[in-house]
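S.K.: Handing you a structure now.
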Amino acid sequence: MFSKIKRPHSISLQLSFWNTGVSFLLLLFGSGWMYLQLVRSYDAREAFVLSAKATTLRDLALQGDLPTLKWEISGYYPDGTQRPRVPSLSRIITSDGAIVMETGGMSELLPSQAFPKVSGVAERAYRGRIFRMLSVITPEGYQIQVARDFTLEKDLIASYRRKLWMVLAIGLLLSVQAGFLIARRGMRPVEEIATTLRQIGSSTLDARVKTAGLPSELFSLACTFNQTLDRLEDAFARIARFSSDIAHELRTPIATLRADCEVALSRARSLAEYRDVVESSLEEYLRLSTMIDRLLFLARAENPATQIHREFVDVRKELETVREFYEAAASDAHIELDILVPHDLTGVVDRTLLQRALSNLIENSLAHTKPGGHIRLEASRSNGSLEISVADDGCGIPAEHMSRVFDRFHRVDVARSQESGGAGLGLAIVKSVAALHGGQAGIDSQLGEGTRVTLQLPVA
Ligand SMILES: Nc1ncnc2c1ncn2[C@@H]1O[C@H](COP(=O)(O)OP(=O)(O)OP(=O)(O)O)[C@@H](O)[C@H]1O
Ligand SMILES: [Mg+2]
């Protein structure tokens, strides 16, 4: 069965959804609240005016002040002129429905049946107009009916509501657009980083993510990307240099071998002459195969899957073994080979690899130390590491070469090294051995005074 790959959510989409949602909700809440306040304040005002009117009418009726009561209800001044605008309609009826008194023309505008039968406020539409009305049943059995034309206010509220809906619709459109723009703007730097990274290939490893102007959250991410690219670019450059170095190293000896063969075959030779050619070729073949062995060793050492075989060793014994091997060569060169190691020093290391590294170091020291010089093999334990060093009082290494002596094929004096068969791989192997043990190799050298190479191997 094929499982469907779920596409991850888009951050921009989520951001714009939340931006839009939140701003629209705020707008909805704000305008809804304002609308409610408006309606409530109208309601409160109407209720107050109606009940004040009803109370006045009731008080006047109780006091028996008929002229004032009549004036209040009819809207006529005592001299008979009518008030320009009657603010409210009022009526008093008996319990059996007979009209005691009412505002002029009220029966046509709003008959008494339109009012609630019990005390209370109501809103009713009548003949195209809207009224707010109040009925009050007095203890004496009369019913006081007060009403106000509410049409204008109703229209105002309705138009206010329509405008609010319009504002909300425009607000929704604007907040969708704003939400989208904000999200897109916020995500633009991420897009830029992605675009840069998409363009990176083995030939464009020099591209870098622009960090200027990036927000702080993305700044460190971009810096990390750039550092990774630095390392990749460096590794690629080293591999490219290494390949061209190999080609270069192989070209000269193979060209020499070929020339020797061609010369030998150019005419008939004696057996002794052929023998000479084969013998000198053999030497070159040996040198080449040693170089290839060492290159293979370095390639394997770089493979993360390469395992080493650690074993418990007496460090002094290991150093003695190596010294024994070089004892004869050292005495031939009139160089003293000493060991300075505490007796009980032990370590857990790969013996073969350690011997290989020490051999390279001793060969280097022997090659660069004058007769009468000293080479010292030292070992100690410090800061949880086993430190093994080979020090000599030879010619030393010029400062400008110090940073590159561990590089493959790097030789200080190329002519001399080639003459002695050195390919410039010895220190690279030493460094690999240290790395395989999870440690590192360091070098310290003073021109004319001597050199010390130290292996720092963490105690496993
Ligand atoms: N003890 C030392 N004293 C002075 N120079 C040294 C010493 N060890 C190494 N060097 C310099 O560092 C260079 C690199 O050393 P490395 O062992 O890697 O290569 P090499 O000895 O030339 O060749 P190879 O070891 O592959 O036969 C040498 O060419 C040499 O000039
Ligand atoms: Mg060497």
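The values are calculated or read from the model by the stated rules, or taken from the named source; none is laboratory data. Just so it is clear, the structure is predicted and the values come from calculations on it, not from any experiment. Every residue, glycine as well, gets a Cβ built from its backbone with ideal geometry; the counts of neighbours run over all protein chains shown.
S.K.: Checking the conditions here, which among D407, D344, D338 is at pLDDT 95 or above and either within 16 Å of ligand 2 (Cβ to nearest atom) or out of contact with any Cys (no Cβ under 6 Å at 6 or more places or on another chain) (or both)?
M.R.: D338
S.K.: Here is a check on your reading of the model: is G128 more than 17 Å from the chain's Cα centre (by Cα) and not assigned by TED's automatic domain parsing to the domain that holds S90?
M.R.: On the way: more than 17 Å from the chain's Cα centre (by Cα): yes; not assigned by TED's automatic domain parsing to the domain that holds S90: no.
When the stated conditions are applied, G128 does not pass them.
S.K.: Restricting attention to segment 311-355, which residues are of a type in the set (A, V, I, L, M, F, W, C), part of a strand (DSSP E or B) and within 15 Å of T369 (Cβ to Cβ)?
M.R.: First, pick out the residues of segment 311-355 that are of a type in the set (A, V, I, L, M, F, W, C): 312-313, 315, 319, 322, 325, 328-330, 333, 335, 337, 339-341, 345, 348-349, 353-354.
Subset that is part of a strand (DSSP E or B): 312-313, 337, 339-340, 348-349.
Within segment 311-355, L337 is the sole residue that qualifies.
S.K.: Can you tell me which residues in segment 128-146 are among the aromatic types (F, W, Y) and in a strand (DSSP E or B)?
M.R.: Of everything in segment 128-146, just one residue is among the aromatic types (F, W, Y) and in a strand (DSSP E or B), namely F131.
S.K.: Another one. Of all residues in segment 209-230, which are aliphatic (A, V, I, L, M), surrounded by 15 or more Cβ atoms within 10 Å (Cβ to Cβ) and assigned to a loop (DSSP other than H, G, I, E, B)?
M.R.: Passing the criteria: V209, L214.
Residue by residue, here is whether (1) more than 10 Å from ligand 1 (Cβ to nearest atom); (2) of a type in the set (K, R); (3) not assigned by TED's automatic domain parsing to the domain that holds P253 holds:
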residue	(1), (2), (3)
K370	yes, yes, yes
H374	yes, no, yes
S385	yes, no, yes
D407	no, no, yes
D413	no, no, yes
A423	no, no, yes
A428	no, no, yes
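S.K.: Test V278 against the criterion of being crowded, with 17+ Cβ neighbours inside 10 Å and of a type in the set (A, V, I, L, M), and give yes or no.
M.R.: no
S.K.: Among the candidates I388, I429, I362, which residue alone is surrounded by 19 or more Cβ atoms within 10 Å (Cβ to Cβ), without any contact (Cβ under 8 Å) to a residue 60 or more places away in the chain and either of a type outside the set (D, E, K, R) or away from ligand 2 (no atom under 12 Å from the Cβ) (or both)?
M.R.: Testing whether each residue is surrounded by 19 or more Cβ atoms within 10 Å (Cβ to Cβ), without any contact (Cβ under 8 Å) to a residue 60 or more places away in the chain and either of a type outside the set (D, E, K, R) or away from ligand 2 (no atom under 12 Å from the Cβ) (or both) leaves just I362.
S.K.: Give me the pairs, please: first residue somewhere in segment 196-223 and more than 26 Å from A237 (Cβ to Cβ), second residue anywhere and hydroxyl-bearing (S, T, Y), beta-carbon distance under 9 Å, and either six or more positions apart or on two chains.
M.R.: Partner pairs satisfying both residue conditions: L218/T211; F219/T211.
S.K.: Turning to a different aspect of this structure: Given the conditions (1) surrounded by fewer than 11 Cβ atoms within 10 Å (Cβ to Cβ); (2) at pLDDT 90 or above, which single one is not true for E233?
M.R.: Against the list (1) surrounded by fewer than 11 Cβ atoms within 10 Å (Cβ to Cβ); (2) at pLDDT 90 or above, E233 comes up short only on (1).
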